[in-house]
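Coordinate-derived values only; no laboratory data. Given the structure is predicted, the values throughout are model-derived calculations rather than measurements. Please note: Cβ atoms are built from the backbone with ideal geometry, for glycine as well, and neighbour counts cover all protein chains shown.
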Amino acid sequence: MKIKKFLRDLGRLRVQPQMLIAVGLAALFTGCAPRQPYFALRSPREASAATRPVEVTPRTTEVKPRTAEPTPAPADPAPRPVDTAPREAGFTSLFDGQTLAGWTLRGKRGEGYGVTNGAIYCARGGGGNLFTEPEFEDFILRFEFKLADGSNNGLGLRAPLDGDAASLGMEIPIREGSVAEGGRRGNLPPDQVHGSIFDVVAAKSGALLPTGQWNSEEITARGRHLKVVLNGITILDVNLNTVSDPMTIEKHPGLFRERGHIGFLGHNGYVEFRHLRVKELPRAKTTNAGPEGFTALFNGRDLTGWKGLVADPKRRATMTPVALAAEQAKADELMRANWRVEDGSLVYRGSNFDNICTAKNYANFELLADWKIAPHSDSGFYLRGTPQVQIWDPFTRPTGAGNEVGSGGLYNNETHVAKPLRVADNPVGEWNRTRILIVGDKVHVFLNDQLVVNNTVLENYWQRDLSLFPIGPIELQAHKTPVWFKNLYVRELPAR
């Protein structure tokens, strides 16, 4: 039906076939269609005009095939910031300028930490502790920081990942000046201003730049010497062995840690950090030569300064001087038979319970000792003649007699905690380092730089209704099995 109608329309318009052919050829050569289909004309006048002869002239212009417009390449993403810290000989970057790779966040609060414009930031109203994954012993740390109004943060040094870094390690406050000088928190003690060892040693004030400007800081930790330089000005230079107040040491046993993590300790204030780099410093390893401030208890050659143990404190107190001297001679003879010096180590080779003890008595002190054991060995340290900081084998089976909890605990405690906080022993046959702090009747024990006893009362084993003896010798326990000691050092601390 549509075709018939189409033909009728053509007839009414008197369209000649040659006209249709001409129009088609024109469309073919021009590359375009007529604006209006010829059969759409409606008037006879228009149709008459359309019947005029049409001259078709082919186009001589070369027709180029259309090609697709090239798709523009996508714009490069904005370059990410990178750490632009100066390249200094021996220093290693702690921050890549883009991510928190190499850092671990503990105790996140609010938004915690992030990265902005090539800097680590601690979010306002948030934070937590952001620590380096590796630990460091002696080092030079350099970094820059920018404070805002009310900023409050801290730098943890030689700190553990968990626990209070200011107590179990060290904290160097990083805080905006007005906070420490009568701002929103009021006046703070001098040992809490920027650059101090928090709650221990005060730094000098006046070296901070105004908020919004970048400060540069350098911290050198070499043994027990700590130095803080802020914007080229030395604000703290201290030997930690000069910290002798018993209460301060009791609150901050981590002050004397030998190694640990570096980290930022957020206190809800906004701070930015950049250009973080560290240079590790070698520490000379010595045998039986005490570190600064310590006295060697064992010279590595003989038993000078030691004696055999006579009975226990209660029984010794009842002996006459003559009887005590006779018993001491027997104990010394037994010591020489069973305690020997081998390759610079003090070794027990007996099969009994013949402890040895220092010739001198001690009250408050810090004790350093290296030791190792054989499978199933058992030993310990008696403090002021009282048992004991435990040494035993937590690994060799069978276990289950208590030794599986590890060394370092206060084994004979009944009322207060006796077990260590964790197993920190090195494998049997390897050397361990124990550090013991005793102030009054409170004891801290670090085993291989891990806190295993935290400010715990050592009970009086000999007279449990009495407090710990105020003074007494340091003993090394014999328990029928071999044990090796070396690097035995003591630092006496003042009484309370």
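The phi torsions of the stretch 130-138, fed into the Karplus equation with coefficients 6.51, -1.76 and 1.60 and a -60° offset, translate into couplings of 9, 10, 5, 5, x, 9, 9, 9, 9 Hz, rounded to whole numbers, with Gly and Pro shown as x.
With a threshold of 28 Å on the Cα-Cα distance, the over-threshold entries among 108/285; 307/486; 108/146; 227/419; 227/442; 146/285 are 108/285; 227/419; 227/442; 146/285. Within the stretch 83-153, the GluC sites (Glu not before Pro) that combine a DSSP coil assignment with at most 12 other C-beta atoms in a 10 angstrom radius are 88.
The order of 247, 170, 319, going from fewest to most other C-beta atoms within 10 Å of their C-beta, is 247, 319, 170.
Look at the dipole of the stretch 218-290 built from charges on Cβ: of 264, 240, 287, the Cα furthest out on the positive end belongs to 287. Couplings for the stretch 440-449, taken from phi via the Karplus curve 6.51 cos²θ - 1.76 cosθ + 1.60 with θ = phi - 60°, read x, 10, 9, 10, 10, 10, 10, 10, 6, 6 Hz in order; Gly and Pro are left as x.
What's the magnitude of the charge dipole for the stretch 92-280 around its Cα centre, counting Lys and Arg as +1 and Asp and Glu as -1 at the beta-carbon? Answer in Debye, nearest 20.
On the way: 20 positive and 23 negative charges, 44 e Å.
Computed charge dipole of the stretch 92-280: roughly 200 debye.
Rounded to 0.05, the FRET efficiency of the residue 307 and residue 455 pair, given R0 = 22 Å and the Cβ-Cβ distance, is 0.10. For a paramagnetic label modelled on residue 216 (point 7 Å from Cα along Cα→Cβ), amide N atoms under 17 Å away belong, within the stretch 113-152, to 140-147. Rg and Dmax over the alpha-carbon atoms of the stretch 230-320 stand at 22.1, 70 Å. Straight-distance candidates among the aspartates and glutamates for linking to residue 372, with alpha-carbon spacing under 17 Å and chain neighbours fewer than 8 residues away dropped: 342, 343, 393, 404, 425, 430, 449, 475.
Rg of the Cα atoms in the stretch 310-442, relative to 2.2 N^0.38 Å, amounts to 1.15.
I'm checking a number: the convex hull volume of the Cα atoms of the stretch 152-246, normalised per residue, in Å³. What is it?
On the way: hull volume 10.7 nm³, N = 95.
Spread over its residues, the Cα hull of the stretch 152-246 gives 113 Å³ apiece.
Spacing of the modelled spin labels on residue 117 and residue 100, each 7 Å from Cα toward Cβ, amounts to 2.0 nm.
Length gained on full extension, residue 417 to residue 347: 22.2 nm, using 0.36 nm per residue less the C-alpha separation. As a ratio to 2.2 N^0.38 Å, the alpha-carbon radius of gyration computed for the stretch 92-280 takes the value 0.94. Residue order for 397, 433, fewest other beta carbons within 10 angstrom first, comes to 397, 433.
Can you list the GluC sites (Glu not before Pro) in the stretch 258-364 that are in a DSSP coil and have 15 or fewer other beta carbons within 10 angstrom? Show your work: numbers first, answer last.
Details: sites: 258, 272, 280, 292, 327, 333, 342; in loops: 258, 292.
Counting only loop positions with at most 15 other Cβ atoms within 10 Å, the GluC sites (Glu not before Pro) in the stretch 258-364 are 292.
Dipole of the stretch 295-493 computed with +1 at Lys/Arg Cβ and -1 at Asp/Glu Cβ about the Cα centre; of 417, 493, 403, farthest Cα towards the positive end is 493. Using R0 = 35 Å, the C-beta based FRET efficiency linking residue 148 and residue 295 works out to 0.10.
Loop-located GluC sites (Glu not before Pro) in the stretch 383-439 (DSSP state not H, G, I, E or B) with no more than 14 neighbouring Cβ atoms inside 10 Å: 414, 430.
What the phi angles of the stretch 299-307 give under the Karplus curve with 6.51, -1.76 and 1.60, with θ = phi - 60°, is a coupling list of 8, x, 10, 8, 9, 4, x, 10, 8 Hz, glycine and proline written as x. The distance linking the stretch 239-253 with the stretch 468-489 is 24 Å (Cα centroid to Cα centroid, whole angstrom). The fewest-to-most ranking of 379, 467 by surrounding Cβ atoms within 10 Å reads 467, 379.
The stretch between residue 397 and residue 242 holds 51.3 nm of extra length on full extension. This uses 0.36 nm per residue minus the Cα-Cα distance.
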